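Reading through the structure tokens given below for one structure.
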Amino acid sequence: MNDRRIRKVVIVGGGTAGWMTAAALARFLEHQPAAIELVESEAIGTVGVGEATIPPIRNFNAVLGIDEIDFIKATQATFKLGIAFEDWRVQGSRWFHGFGDYGPKIDGVSPHHHWRRLRAAGDPTSHEAYSLTTQMAALNRFRPPVPDPRSVYSNYAYAFQFDAGLYARYLRGYAEARGVTRTEGKIAKVELRGGDGFVEAVVLEDGRRLEGDLFIDCSGFRGLLIEEALGTGYEDWSHWLPVNRALAVPSSRVGELTPYTTASADAAGWRWRIPLQHRTGNGYVFCDAFTSEDEAAATLLSKLDGKALDTPRPLRFVTGRRRKIWNRNVVAVGLSSGFIEPLESTSIHLIQNAIGRLIEHFPDRDFDPRRAEVFNALSAAEIDHIRDFIVLHYVTAQRDDTPFWRHVRSIDPPDALKEQLQRFRRTGEALLKTDESFLEPSWLAIYLGQDIVPEAHDPRADAISLAELADGMRRRREAVRQAAEALPSHAAFIDRFCRAPPP
């Protein structure tokens, strides 16, 4: 029988995308005949912006068999309960997107409908009073959730904030221990196969030639294989998401160690703050049509809460995605596949899901095009959904104090988002597919945080008397607050269980 299994996988580029791919393939192809080789150059820097994640990163680490405490110590990680959004609705506003819900359903109805009913009756209580992750974050408290569904501590999740460079190094050790070969060198040429135009080999500057059956493009924004060699094409989403530049700079860590990332709206975009054990990551994502790089750098540096440890490093990008993520025998992973600004910490999540999707639809050397078609359709649906979720933050903002914010308020959203936003305004429904990256509680955090209150609530919520509902909701929020107050501080939890050694 003719064995058509993949014999050689070549990963072009290291960094987070490259080494996540190498580690996962080493784990899942360990009983296959495929050799895995990663080629990267120390002379080419990695972007390294993605230092904050969302909860599925824990699944990725778990399936690799990575010990969580060991990982936290190796990457100087902290815990993340969500993202605090400052000055987004209007200047001075603050709301929280937490990795949890607003409590269990009441008589089969999502609790925000009952909250909306009380609000219409004059109750001023914020929806955030019913969110345990929001209350934990406000108090800088942390503990992992418990498996017992009866516990108030069961219905939330957490992610990590870590040093992306250290994570890549950690995964490199994991991958090399499982047989992945690392080759140092810059790629000078890509050779295409006659007839079908598949990539046959990459040639390094010193003349070495690396052949492969399957090539994974982790070369970053450049898209060395997927775009420069194959000319796949790119969908530009700048008309929906106009920010196109970023400056990143680390600073010394000061103050309390917060279990969340902060996204602060600014004159021409927004700034991130990501607290790690050994330092704080900072950045300013902006649109160069509304401010200069020098002005953006001055703004970023002036608003650091610790001493800058470097000069701001600039990044240029165009928001969008490749028209095909899998083209011929090349699969793009990470920035080479497309880019959505890091507002909701989705960059590493998209890497993780692309790897999982590739493993699920892993080809043989015949490269049945139907595998690529399914892969591309699923990839496009996922990134389009995340795009709409990010656009939602901008089009629901009420700021009009700068030209940038007046511009984003005028953006015409993608059709699917426009329909979804209209439905929520009318009925309070956030009907989503169950396989989407962000589910109802996440969309509610944005809608209600931006003060988009539905015109009506689910009529089933009226089955409870108003007095009974008010008493039940009061007891619910008191239980949430007491549960948060009973927890140790984020810093105390880290000190006890997973303090990293000094770098």
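Some observations on this one:
- Selection within the stretch 200-239: residues that are within 18 Å of residue 17 (Cβ to Cβ) and of a type in the set (S, T, N, Q). The member of this set that is surrounded by the fewest Cβ atoms within 10 Å (Cβ to Cβ) is 232.
- Residue 469 being within 16 Å of residue 83 (Cα to Cα) and modelled with pLDDT of 95 or more: no
- Odd one out for residue 225 among (1) touching a Lys or Arg at 6+ places or on another chain (Cβ under 9 Å); (2) not in a loop (DSSP other than H, G, I, E, B): (1)
- Options 190, 180: the member that is β-branched (Val, Ile, Thr) and without any contact (Cβ under 8 Å) to a residue 60 or more places away in the chain: 190
- Meeting the requirement of 1 or more residues that are closer than 21 Å to residue 173 by Cα, the helices (runs of 4 or more DSSP H) wholly within the stretch 29-147 are 57-63, 68-75.
- All conditions but one from (1) modelled with pLDDT of 95 or more; (2) surrounded by fewer than 22 Cβ atoms within 10 Å (Cβ to Cβ); (3) touching a strand residue (DSSP E or B) at 6+ places or on another chain (Cβ under 7 Å) apply to residue 260; the one that does not is (2).
- Here residue 484 fulfils each of the conditions (1) within 20 Å of residue 115 (Cβ to Cβ); (2) modelled with pLDDT under 95; (3) buried (at least 16 other Cβ atoms within 10 Å of the Cβ) apart from (2).
- Among the residues of the stretch 453-476, the ones that are surrounded by fewer than 18 Cβ atoms within 10 Å (Cβ to Cβ) and within 26 Å of residue 263 (Cα to Cα) come to 1 in all.
- Only residues that are surrounded by fewer than 21 Cβ atoms within 10 Å (Cβ to Cβ) and farther than 19 Å from residue 242 by Cα were counted across the stretch 267-293, and they come to 2.
- Qualifying residue in the stretch 415-429 (condition: over 21 Å from residue 29 (Cα atoms), part of a loop (DSSP other than H, G, I, E, B) and hydroxyl-bearing (Ser, Thr, Tyr)): no
- Every residue from the stretch 89-125 that is under 17 Å from residue 456 (Cα atoms) and either outside the structural domain of residue 452 (by TED's automatic domain parsing) or of a type in the set (Ser, Thr, Tyr) (or both): 110
The values are calculated or read from the model by the stated rules, or taken from the named source; none is laboratory data. A quick note: this is a predicted structure, and the numbers were derived from the prediction, not measured. As a convention, Cβ positions derive from the backbone with ideal geometry for all residues, glycine included, and neighbour counts pool all protein chains shown.
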